[in-house]
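Below is one structure, written out as structure tokens; comments come after it.
Every number here is computed from the coordinates shown, using simple stated rules; none is lab data. If you're wondering where the values come from, they're calculated on a predicted model, not measured in any experiment. Here Cβ is always computed from backbone atoms with ideal geometry, including for glycine, and neighbour counts include all displayed protein chains.
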Amino acid sequence: MTTGLTYLEVQNYLQQLKLGQAQTALDRLANEASKNEWSYIDFLGKLLSEEITARQGRRLAFKQHLGPHSLYQDPGPNQFLFSAGH
């Protein structure tokens, strides 16, 4: 079963989901997937891996920008920061 999605629709979905690096890597990875006959799950895994790597890089850059004396503490992947009364 195919959905018949167009390239522009896929790009729009990635943009709406704020998956900027995946959006940037889409062409390159789609061409690579076609040449190397990747499965759909391999293609999707590599696309999402690019996004995760970019986000981790931005998080690290942000932490380095804050410096060692910052009050910011990374709550971890399943925690949330709450600000009472603000």
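Applying the criterion of being small (Gly, Ala, Ser) and within 18 Å of Arg55 (Cβ to Cβ) to the residues of segment 11-42, the residue that is surrounded by the fewest Cβ atoms within 10 Å (Cβ to Cβ) is Gly20. Listed by first and then second residue, the pairs with beta-carbon distance under 6 Å, at least 6 apart or on different chains, first residue in segment 7-21 and part of a loop (DSSP other than H, G, I, E, B), second surrounded by 13 or more Cβ atoms within 10 Å (Cβ to Cβ), are Leu19/Glu51.
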